[in-house]
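Novice: Input: one structure, supplied below.
The values are calculated or read from the model by the stated rules, or taken from the named source; none is laboratory data. Here the structure is a predicted model, which is why all the values come from computation and not from measurement. Neighbour counts are summed over all protein chains in view; Cβ atoms, including those assigned to glycine, are modelled from backbone coordinates with ideal geometry. All accessible areas refer to the heavy atoms of the entire protein, side chains included, with ligands and DNA or RNA removed. Shrake-Rupley method; radii C 1.70, N 1.55, O 1.52, S 1.80 Å.
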Amino acid sequence: MIFPQIAAGLLFAISVGFASEPESTGRDHTLIYRAEIPKVAWSGWGYSSPHDPDLKKKPAPAREQLDLVENNSNMPRIFSGKMMDYFVAFLFPHMFDNKPRTFSGKVLGPESMKGVEIGLVSLVGIQWNHDDAYQWTPVAADGSFSITDARYQNAGKALVVRGPNTAWTFLRYNFAPGQSGKNIVLKSAPSKKVRVTASGPDMQDLGKVAYEAWPAFAQIDDEGNALRRQRLGPYNFSDQKFMDLVLPAGEVALRVQCEGWASYYQIIDTREADHFHFVLLHAGKMKISVLNAEGKPKTGVRASWMNPAAPLSFGQTRIKDDGILLLNSMAPGKFDVTVGDANMDGIEVQEGYVTDIVLQDGRKAVISRNKAGSSAASRPIFNDR
């Protein structure tokens, strides 16, 4: 039994079956979300979060305050335009030696600037997968800051503020390669500390659980352009039975991950409760065996997978020396899998089962599923490239 303070409420909520709407214990401001198998295609694929369907009903945010500075750039301008700058920087993150750029201004919002930092984020690849894409420096007691990029000097940049009681807040502007800014005013978003917990459907203690926060919807700059998706904080990983997170006071997306359990993505509104509990599904697994024409392991082949209905489920890697790729903690549903030149769409991953794919010479794939040692009948997926 975990976290006794909400056990009674959770047991009651779990007993009534799956529900798409959160349930409240009514006593300690706890909302309970229970994972369901995703079936509707997610609209957030690409570099931006999903668009807010109610955006037109909400008041427009105040325009950002900054003075742009155009620096000399050594990046070749084959085509003009901000998006082409990002594209070239993505393909060649270290090729062109630009001069360091300085970003300066003031942070507004936090009651105290103690522990508050300004961050400069390099927009290279999937930036949150690169620790060196984040550069931090403390702000002064009056909120002023100045930060000069030390890495990825040809890349686009984003500015973010964080603090002990301040949720990560990004300036609603992405600086193109060669651009910097001065007289920047970065206003921190209203923040709230909430407690998050997770369990299996029968109140199982999950052990080590990770929580990631993301904007619920696409962030829009003053010209109406969707900004690059940003993770709102680090990868929060702990074996404690609960975690306290400082999040924006409002709608935010959380992804909950735990070995052996299906990754769960849910939009919550932190203003609605002080404690959010997530009930996870058992994970499915996928085993991909890649063989050459002689039936021996084939290595170095690139593989990728994605469930279009499961947010942030895309992954990719290369097949290792034994020719086998084992994927754990997959959300149940249908995955599109690519191994080398072989494309396999709609491969079903079932809760609690291992989906076993054998691909030989890139021409024939056979799939089977098994649970606790019992295997389903095998069937061919495709016969030709």
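Novice: Restricting to segment 263-307, name every residue that is among the acidic types (D, E) and either in contact with a Lys or Arg (Cβ under 6 Å, 6 or more places away or on another chain) or in contact (Cβ under 8 Å) with a residue 60 or more places away in the chain (or both).
Specialist: Once the filter is applied, which keeps residues that are among the acidic types (D, E) and either in contact with a Lys or Arg (Cβ under 6 Å, 6 or more places away or on another chain) or in contact (Cβ under 8 Å) with a residue 60 or more places away in the chain (or both), segment 263-307 yields E272, D274.
Novice: Given segment 308-360, what strands (runs of 3 or more DSSP E) lie entirely inside it while holding 1 or more residues that are surrounded by fewer than 18 Cβ atoms within 10 Å (Cβ to Cβ), in contact with a Ser or Thr (Cβ under 9 Å, 6 or more places away or on another chain) and touching a residue at least 60 places away in the same chain (Cβ under 8 Å)? Before you say what the answer is, go through the steps one by one.
Specialist: On the way: elements: 315-318, 324-330, 333-339, 342-349, 354-360.
Strands (runs of 3 or more DSSP E) meeting the threshold: 324-330, 354-360.
Novice: Being under 20 Å from M286 (Cβ atoms) and open to solvent by less than 10 Å² (accessible area, probe 1.4 Å) is the filter here; which residues of segment 259-274 pass it?
Specialist: Correct list: A262 only.
Novice: From L281, L247, which residue is under 30 Å from R369 (Cβ atoms) and either in contact with a strand residue (DSSP E or B) (Cβ under 6 Å, 6 or more places away or on another chain) or of a type in the set (A, V, I, L, M, F, W, C) (or both)?
Specialist: Details: L247 fails: under 30 Å from R369 (Cβ atoms).
Checking each option against the conditions leaves just L281.
Novice: Any chance segment 249-269 includes a residue that's over 20 Å from the mean Cα position of the chain (by Cα) and outside any strand (DSSP E or B)?
Specialist: No: zero hits.
Novice: Report, by residue number, each residue of segment 280-292 that is part of a strand (DSSP E or B) and out of contact with any Leu (no Cβ under 8 Å at 6 or more places or on another chain).
Specialist: Matches in segment 280-292: H282, G284.
Novice: Do we have any residue at all in segment 236-246 that's under 25 Å from V124 (Cα atoms) and either under 13 Å from the mean Cα position of the chain (by Cα) or among the polar types (S, T, N, Q) (or both)?
Specialist: Yes, some residue in segment 236-246 is under 25 Å from V124 (Cα atoms) and either under 13 Å from the mean Cα position of the chain (by Cα) or among the polar types (S, T, N, Q) (or both).
Novice: So is D205 of a type in the set (D, E), outside any strand (DSSP E or B) and closer than 30 Å to S122 by Cα or not?
Specialist: No, not satisfied.
Novice: For segment 135-144, indicate whether the set of residues that are among the β-branched types (V, I, T) and touching a residue at least 40 places away in the same chain (Cβ under 8 Å) is non-empty.
Specialist: For segment 135-144, residues among the β-branched types (V, I, T) and touching a residue at least 40 places away in the same chain (Cβ under 8 Å): absent.
Novice: Could you go through segment 143-152 and let me know if any residue there is open to solvent by less than 40 Å² (accessible area, probe 1.4 Å), in contact with a Gly (Cβ under 9 Å, 6 or more places away or on another chain) and farther than 14 Å from S104 by Cβ.
Specialist: The answer is no, given that none of the residues of segment 143-152 is open to solvent by less than 40 Å² (accessible area, probe 1.4 Å), in contact with a Gly (Cβ under 9 Å, 6 or more places away or on another chain) and farther than 14 Å from S104 by Cβ.
Novice: Also, I was wondering about something else. Can you tell me how many residues in segment 94-107 are aliphatic (A, V, I, L, M) and either touching a Gly at 6+ places or on another chain (Cβ under 6 Å) or open to solvent by less than 30 Å² (accessible area, probe 1.4 Å) (or both)? Show your work before the answer.
Specialist: Our first condition is that a residue be aliphatic (A, V, I, L, M); within segment 94-107, this holds for 95, 107.
So of that shortlist, the ones also either touching a Gly at 6+ places or on another chain (Cβ under 6 Å) or open to solvent by less than 30 Å² (accessible area, probe 1.4 Å) (or both) come out as 107.
The number of residues fulfilling the criteria is 1.
Novice: Hey, can you tell me all the residues within segment 208-227 that are in a strand (DSSP E or B) and of a type in the set (A, V, I, L, M, F, W, C)?
Specialist: Hits for segment 208-227 are V209, A210, A213, W214, I220, A226.
Novice: Just to be sure I understand, how many residues within segment 227-248 are modelled with pLDDT of 90 or more, within 30 Å of A155 (Cβ to Cβ) and either out of contact with any Pro (no Cβ under 8 Å at 6 or more places or on another chain) or surrounded by fewer than 14 Cβ atoms within 10 Å (Cβ to Cβ) (or both)?
Specialist: Residues flagged as modelled with pLDDT of 90 or more, within 30 Å of A155 (Cβ to Cβ) and either out of contact with any Pro (no Cβ under 8 Å at 6 or more places or on another chain) or surrounded by fewer than 14 Cβ atoms within 10 Å (Cβ to Cβ) (or both) within segment 227-248 amount to 6.
Novice: What are the pairs, 6+ residues apart or on separate chains, where a residue within segment 183-194 that is within 20 Å of F145 (Cβ to Cβ) has its Cβ under 7 Å from a residue that is acidic (D, E)?
Specialist: N183/D67
Novice: Something else about it: Scanning segment 361-374 for residues that are open to solvent by less than 90 Å² (accessible area, probe 1.4 Å) and assigned to a strand (DSSP E or B), which turns out modelled with the lowest pLDDT?
Specialist: My answer is S374.
Novice: Considering only residues that are under 25 Å from F314 (Cβ atoms) and either of a type in the set (G, A, S) or open to solvent by less than 50 Å² (accessible area, probe 1.4 Å) (or both), which ones fall in segment 120-138? Outline the logic, then answer.
Specialist: We begin by selecting, within segment 120-138, every residue under 25 Å from F314 (Cβ atoms); these are 121-134.
Across segment 120-138, the qualifying residues are V121, S122, L123, V124, G125, Q127, W128, A133, Y134.
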